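Visitor: To start, I am sharing the structure in question, which I have written as structure tokens.
Rule-based calculations on the coordinates, nothing more; no lab input. These figures come from a predicted structure and were not determined experimentally. In this analysis, Cβ positions are derived from the backbone assuming ideal geometry, glycine residues included, and neighbour counts consider all displayed protein chains.
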Amino acid sequence: MRFFFSDLAEANGATAAAVQSDGQVGRGELGAGVSERASFVGTLHGRQTAAKGRQEGAGRENAVAVALAAVRLPCVGSDLLVTVNAPARIAGGSASAEHAGAGDKAGADQAAQDILGRVLRSLSVHDWGLFG
């Protein structure tokens, strides 16, 4: 799970990334049709700090709550990665501040975790042939 989190941090150009917790959830937390085929469901919750888009410089980096899950699907030789980001702190100099307001965003970590849970419970694959 930490590999996926680190890979995401690198892709986001994060200047800081910290894992808050990681673990597994039961296959029963997945949508019908996927739960029977999954052999492992790992989760991770953390925070990353990065500037939005191509913005650079002090006062432009936002903190983002990250919740991710990897669903191992050995029947198709693949992992399905689900990632949810929620703004935790928006810097005053960030382009996001214009639309969402600068400052701390209460409940970001829990919101990201709740959304991830809903996505996993509603997860459905309509065409398993997509995995090749």
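Visitor: Would you call Val84 among the β-branched types (Val, Ile, Thr), surrounded by 14 or more Cβ atoms within 10 Å (Cβ to Cβ) and without any contact (Cβ under 8 Å) to a residue 40 or more places away in the chain?
Guide: yes
Visitor: Let me ask something else. Scan Leu73, Leu68 and give me the residue that is over 19 Å from Ala106 (Cα atoms), surrounded by 20 or more Cβ atoms within 10 Å (Cβ to Cβ) and touching a strand residue (DSSP E or B) at 6+ places or on another chain (Cβ under 7 Å).
Guide: Checking each option against the conditions leaves just Leu68.
Visitor: Having 1 or more residues that are acidic (Asp, Glu) and in contact with a Ser or Thr (Cβ under 7 Å, 6 or more places away or on another chain) is the bar; report the strands (runs of 3 or more DSSP E) wholly within the range 3-79 that clear it. Show your work before the answer.
Guide: Working: elements: 16-24, 40-51, 61-73.
Once the strands (runs of 3 or more DSSP E) in the range 3-79 are filtered for at least 1 residues that are acidic (Asp, Glu) and in contact with a Ser or Thr (Cβ under 7 Å, 6 or more places away or on another chain), what remains is 16-24, 61-73.
Visitor: Name every residue in the range 91-106 that is in a helix (DSSP H, G or I) and surrounded by 17 or more Cβ atoms within 10 Å (Cβ to Cβ), in order of residue number.
Guide: Residue satisfying the conditions is Ala97 alone.
Visitor: Taking the conditions exactly as written (in a helix (DSSP H, G or I) and touching a residue at least 12 places away in the same chain (Cβ under 8 Å)), does Asp109 satisfy them or not?
Guide: yes
Visitor: Let me ask something else. Do we find that Ser78 is surrounded by 15 or more Cβ atoms within 10 Å (Cβ to Cβ), of a type in the set (Gly, Ala, Ser) and touching a residue at least 40 places away in the same chain (Cβ under 8 Å) in this structure?
Guide: Taking the combined requirement at face value, the residue does not satisfy it.
Visitor: I've got another one for you. I'd like the full set of residues that are more than 18 Å from Asp109 (Cα to Cα) and among the polar types (S, T, N, Q), limited to the range 13-44.
Guide: Selection gives Thr15, Ser35, Ser39.
Visitor: Right, here's the next one. Given the structure, is Ala50 touching a Lys or Arg at 6+ places or on another chain (Cβ under 7 Å), without any contact (Cβ under 8 Å) to a residue 60 or more places away in the chain, under 26 Å from Arg2 (Cβ atoms) and surrounded by 18 or more Cβ atoms within 10 Å (Cβ to Cβ)? If you could, list the steps in order and put the result at the bottom.
Guide: Numbers: touching a Lys or Arg at 6+ places or on another chain (Cβ under 7 Å): no; without any contact (Cβ under 8 Å) to a residue 60 or more places away in the chain: yes; under 26 Å from Arg2 (Cβ atoms): yes; surrounded by 18 or more Cβ atoms within 10 Å (Cβ to Cβ): yes.
It is false that Ala50 is touching a Lys or Arg at 6+ places or on another chain (Cβ under 7 Å), without any contact (Cβ under 8 Å) to a residue 60 or more places away in the chain, under 26 Å from Arg2 (Cβ atoms) and surrounded by 18 or more Cβ atoms within 10 Å (Cβ to Cβ).
Visitor: I'd like to verify a number: residues in the range 1-32 that are among the basic types (Lys, Arg) and loosely packed, with under 15 Cβ neighbours inside 10 Å, how many?
Guide: Adding up the residues that qualify gives 1.
Visitor: Scan Ala63, Ala70, Ala38 and give me the residue that is within 21 Å of the chain's Cα centre (by Cα), among the aliphatic types (A, V, I, L, M) and farther than 17 Å from Arg121 by Cβ.
Guide: Details: Ala70 fails: farther than 17 Å from Arg121 by Cβ; Ala38 fails: farther than 17 Å from Arg121 by Cβ.
It is Ala63.
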